[in-house]
Amino acid sequence: MTANDDYIIEILKDVGLIKPEQVETAKSAAGVQHRSLLDVLIEQGVISKMEVLKTVAMQLGMDVIVLADHEIPQEVIQQVPVAIARRYKVVPVFESENALSVALSDPLNIETLDSLRYLLKRNVEGVVAADEEISEALDKYYGRAERTVEEILEHNRGASADAKVRVDETADETVATDVDAPIIKLVSLIIMEAQRLRASDIHVEPLETRFRIRYRIDGVLREMESPPKRLQAVILSRIKLMARMKLSEKRVPQDGRIQINVAGEDLDLRVSTVPSSHGESIVMRILNKQSLLLGLPKLGLFADDQQIFERMIGLPDGILLLTGPTGSGKTTTLYACLNHLNRPDRKIITVEEPVEYRISGINQVNVREEIGLTFPAVLRSILRQAPNIIMVGEIRDFETAEIAVEASLTGHLVFSTLHTNDAPSAIPRLMDIGVKPFLLASSIRSTIAQRLVRVICEKCAEPYAPTERELSMLGSAASQFKDVKLLKGKGCSNCGQTGYRGRKGLYEIFVINDEVREMIYGRIPLEQMRVRARELGMRTLREDGLRKVVSGITTLEEVFGSTMGD
């Protein structure tokens with residue numbers, strides 16, 4: 001079973017299939033073995049898997065079937081492509097005018113049915129079958145051509161030590177013997193698995209004695225099943241081939257792009273290579289186009305902050321800066337703003353290095369330093385295109401900053417990013433670059449600092465009281481948490497046993513009003529500006545994070561980890 005154990009166990013107790021004392025006995029064993037309580041009950045013979053399935057299915061009004069008793073017509077099987085069937089581990093069994101019925105092993109997994117309805121563009125209903133029966137049916141009706149990563153790795157481990165994998169060093173093509181087809185499949189499945197686990201990056205890293213694969217999920221790197229070291233060369237070459245890179249060039253970094261269809265969904269991956277001591281290290285960044293569709297509330301803004309945010313991005317001119325370290329979600333927020341403002345009566349141009357997401361209706365320019373297409377050069381040209389809104393990927397130097405300021409003073413709304421730790425620090429940073437205070441005060445409208453925190457998994461969230469250590473770290477804010485029951489994820493299959501699923505932003509919004517402009521003119525020290533910003537109502541990143549802790553969105557641990565500077 002892969003659903004919430006507590007919920008299932010309550011159902012089984014209600015119908016009298018298990019007794020409270022049996023649950024207590026199993027709890028002790030589950031705690032010692034660090035295993036699922038439901039798995040322990042099944043292993044102890046208290047209840048069988050089939051009894052669990054039937055009981056939960058009955059409660060949800062779903063049928064339980066034995067797949068071996070049904071010969072499924074080929075025209076029904078063809079309704080679900082093999083990649084989708086294997087990815088979601090479902091088998092289509094019946095088809096009517098109104099719906100397609102698919103067998104799945106977890107009756108509580110509503111997300112699978114919702115995903116199938118979206119992918120297949122039709123009504124899909126669920127029936128329940130044992131997990132083993134579904135695996136057998138998948139092999140029976142779809143064949144064993146589509147194997148898992150683990151199976152392919154096992155195949156290659158068992159291959160003869162004499163099997164040669166040869167990469168042509170002089171031409172941009174890969175020639176492999178014995179393991180060619182499995183390697184192609186293996187790389188595709190590594191990408192597919194990353195997409196299924198909601199990873200943002202795939203890290204392919206040659207080490208001294210092994211070859212490591214890691215996924216970054218919700219901002220945290222997790223090591224996956226790794227291929228044997230002897231397959232390193234051909235896997236790296238396969239990835240470079242897919243990204244249209246030069247296979248023979250291994251001495252300098254390269255950038256490329258992979259576009260691939262996974263289970264009916266188009267994936268766009270940005271690929272970069274860096275020569276390392278033991279081979280080329282490759283990172284594939286999965287560009288999630290769904291993040292473009294995020295409304296401003298889904299970024300993590302509370303209603304009051306969203307109101308300020310919408311007022312800022314609705315101004316006709318000026319500069320709005322997002323600040324924060326790499327990986328803090330600045331690009332996603334910028335694209336969400338552009339998507340919000342993207343209308344037929346507005347001309348929007350972006351200058352990026354590189355263009356990460358392509359948005360319909362927006363003119364996007366890719367900076368290419370090697371041919372002289374730099375940020376300043378592009379900015380000067382696009383001002384002659386009479387845009388309403390300009391987005392500059394990053395302000396790095398005086399020339400870029402100067403043109404952005406000039407654009408904002410001549411009636412353009414300019415979005416950009418800057419690497420500073422908090423929102424007020426953006427002002428002295430721009431002065432350090434060389435922007436004159438009177439120009440800065442006239443042009444800048446708001447600076448917004450951002451961080452990302454993991455969101456508590458809804459399916460395994462449970463109340464808990466903050467520890468003394470956490471209260472001590474809160475300092476003066478500890479008093480408001482003493483009698484508050486907070487939430488924490490205990491870990492389940494939905495979140496990969498982490499207790500978290502997804503991420504949202506913490507925001508520090510510094511609005512530049514007349515008083516702040518006077519402070520900029522007078523070159524007031526940063527600390528005084530920060531204190532006055534707080535007095536004028538600016539919430540720090542930590543204060544915004546604590547509001548999200550009280551609201552049950554995230555945990556104190558996440559907020560402390562993301563706002564250590566506070």
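Excluding ligands, DNA and RNA, the accessible surface per residue across the chain is 48 Å² with a 1.4 Å probe.
The HN-Hα couplings worked out from phi for the stretch 434-450 by the Karplus form 6.51 cos²θ - 1.76 cosθ + 1.60 (θ = phi - 60°) are x, 6, 6, x, 5, 6, 5, 4, 6, 9, 7, 10, 6, 10, 10, 8, 9 Hz, whole numbers, x standing for Gly and Pro.
For the pair S381 and S226, the difference between a 0.36 nm per residue extended length and the Cα-Cα distance amounts to 51.0 nm. Our note on the geometry: Cα centres of the stretch 476-533 and the stretch 40-118, 44 Å apart.
A simple spin-label model places pseudo-atoms 7 Å from Cα toward Cβ; at S96 and A303 they are separated by 4.3 nm.
Rounded to a whole number, what % of the accessible area of the stretch 406-450 do carbon and sulfur atoms account for, probe 1.4 Å? Roughly 52 percent of what the probe reaches on the stretch 406-450 is carbon or sulfur. FRET efficiency for the pair N261 and D139, taken as 1/(1 + (r/R0)^6) with r the Cβ-Cβ distance and R0 = 25 Å, rounds to 0.60. Given +1 at the Cβ of Lys and Arg, -1 at the Cβ of Asp and Glu and no other charges, the dipole of the stretch 299-427 around its Cα centre is 440 debye to the nearest 20.
Can you give me the % of accessible surface on the stretch 299-398 that is carbon or sulfur? Probe 1.4 Å, all protein chains present, nothing else counted.
Within the stretch 299-398, the accessible surface is 49 percent carbon and sulfur.
Sorting the segments 361-374, 101-114 by their residues' average number of neighbouring beta-carbon atoms within 10 angstrom, most packed first, yields 101-114, 361-374.
What does the highest-first list of 71-77, 445-451 look like by mean Cβ count within 10 Å?
Highest to lowest by the protection proxy: 445-451, 71-77.
Look at the dipole of the chain built from charges on Cβ: of Y141, M538, L186, the Cα furthest out on the positive end belongs to M538.
Out of I217, P387, G491, whose Cα points farthest toward the positive end of the dipole of the chain (charges: +1 Lys, Arg; -1 Asp, Glu; placed on Cβ)? Of I217, P387, G491, it is P387.
Given R0 = 22 Å, the distance between the Cβ atoms of E370 and V274 translates into a calculated FRET efficiency of 0.80. Over the chain, Cα pairs under 8 Å with separation of 6+ residues give a relative contact order of 9 percent. Taking a straight Cα-Cα cut-off under 16 Å and skipping sequence neighbours fewer than 8 places away in the same chain, the lysines within cross-link reach of K13 are K27, K49, K54. The alpha-carbon of K240 sits under 21 angstrom from the alpha-carbons of these lysines, leaving out residues fewer than 8 places away in its chain: K164, K185, K229, K250.
Placing +1 on each Lys and Arg Cβ and -1 on each Asp and Glu Cβ, with no other charges, gives the chain a dipole about its Cα centre of roughly 1320 debye. Compared with the alpha-carbon gap, the fully stretched path from H419 to L60 is longer by 124.1 nm at 0.36 nm per residue. For K488, the aspartates and glutamates whose Cα falls under 13 Å of its own Cα, not counting residues fewer than eight places away in the same chain, are E458, E462, E557, E558.
Looking at this model, which pairs from K89/K140; K298/K347; K298/K504; K504/K548; K298/K548 are more than 18 angstrom apart at the alpha-carbon? Where the Cα-Cα span goes over 18 Å, the pairs concerned are K298/K347. In this structure the amide hydrogen of H278, modeled in the peptide plane, comes within under 5 Å of no amide hydrogen from residues 5 or more places off or on another chain.
Relative contact order of the stretch 174-258: what whole-number percent is it, with Cα pairs under 8 angstrom and at least 6 residues apart?
RCO, the stretch 174-258: 22 percent.
Backbone amide hydrogens, once placed in the peptide plane, bring L452 within less than 5 Å of L506, excluding anything fewer than 5 places away on its chain.
Net length available on complete extension from R311 to K13 is 101.9 nm, with 0.36 nm assigned per residue and the Cα-Cα distance removed. Between G502 and V455, the built amide H atoms are under 5 Å apart, and every one of these is 5 or more places off in sequence or on another chain.
Mean residue ellipticity at 222 nm, helices only, the chain: -11000 deg cm²/dmol; runs of at least 4 DSSP H residues each add -39,500 (n - 2.57), and the sum is divided by the number of residues. As a length-normalised measure over Cα pairs under 8 Å and 6 or more apart, the relative contact order of the stretch 439-566 settles at 35 percent. Unpaired cysteine residues in the chain (no second Cys Cβ under 4.7 Å): C337. Placing pseudo-labels 7 Å out from each Cα toward the beta carbon at R358 and D39 gives an inter-label distance of 4.4 nm.
The values are calculated or read from the model by the stated rules, or taken from the named source; none is laboratory data. The structure displayed is predicted, hence computed values, not measured ones. Positions of Cβ are generated from backbone atoms using ideal geometry, with glycine treated the same way; all protein chains shown enter the neighbour counts. Just the protein is used for accessible areas: all its heavy atoms, side chains included, with ligands, DNA and RNA removed. Shrake-Rupley method; radii C 1.70, N 1.55, O 1.52, S 1.80 Å.
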